[in-house]
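These notes are about the structure you will find just below.
The values are calculated or read from the model by the stated rules, or taken from the named source; none is laboratory data. Predicted, not measured: the structure shown is a model, and the values here were computed from it. Every residue, glycine as well, gets a Cβ built from its backbone with ideal geometry; the counts of neighbours run over all protein chains shown. Side chains are part of the model used for accessible areas, which takes the heavy atoms of the whole protein and leaves out ligands, DNA and RNA. Shrake-Rupley method; radii C 1.70, N 1.55, O 1.52, S 1.80 Å.
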Amino acid sequence: WGTHTTRLLQQILGTPVDGKVSNQDPAQKKYLLRPDAGAWDFTGTGNGSDLIGAMQRYVGEEDDGFMGKKTIMAWQKFLGEKVDGYMGEDTVGALQRWANKQAA
């Protein structure tokens, strides 16, 4: 997903709105299909992203701020998608549809 989805999720989940998923571990990149370079920061510094932490809390996962396989699987289950631990097109689409409904 890109900056628009990131901003929308940040608004919905009450985190600072800057359109950036910050401080992600480069090792987690393998679980994401084409992460938009403008929206994702893979410096791996600090405590991860406020947005990802809020997303983890939303689905009852431990809040470490990093988008990894376990967090993706929790969101896939929540969204009713195939649970495979990869943020592919179907999962991103379902997440975007969910976010659009929340914002409406």
- Sequence-distant residues sharing a close amide H with M87 (under 5 Å, placed H): L32, L33
- Query: Using modelled backbone amide H atoms (1.01 Å from N, in-plane), which distant-in-sequence or interchain residues come within less than 5 Å of W40's amide H?
  - Reply: V21
- With a 1.4 Å probe and every protein chain kept in, tell me what percent of the accessible surface of the chain is carbon plus sulfur. 46
- Message: Per residue, how large is the accessible surface of the chain? Use a 1.4 angstrom probe and give square angstrom.
- Response: 53
- Where GluC sites (Glu not before Pro) fall in DSSP loop in segment 16-88, at most 12 other Cβ within 10 Å: E62
- For the chain, the Cα gyration tensor yields equivalent-ellipsoid semi-axes (√(5λ), largest first, whole Å) of 17, 16, 13
- Task: Take the Cα atoms of segment 1-51, build their convex hull, and give its volume per residue in Å³.
- Result: 70
- Anyone know which of T43, T15, T71 comes out most mobile in the 10 Å Cα GNM of the chain? T43
- Restricting to lysine pairs 8 or more places apart or on different chains, what number in the chain have Cα atoms under 16 Å apart? 8
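Which trypsin sites (Lys or Arg not before Pro) from segment 37-85 combine a DSSP loop assignment with at most 14 other Cβ atoms within 10 Å? Present the calculation step by step, with values, prior to reporting the outcome.
Details: sites: R57, K69, K70, K77, K82; in loops: K82.
In loop regions of segment 37-85 (DSSP not H, G, I, E or B), the sparsely surrounded trypsin sites (Lys or Arg not before Pro) are K82.
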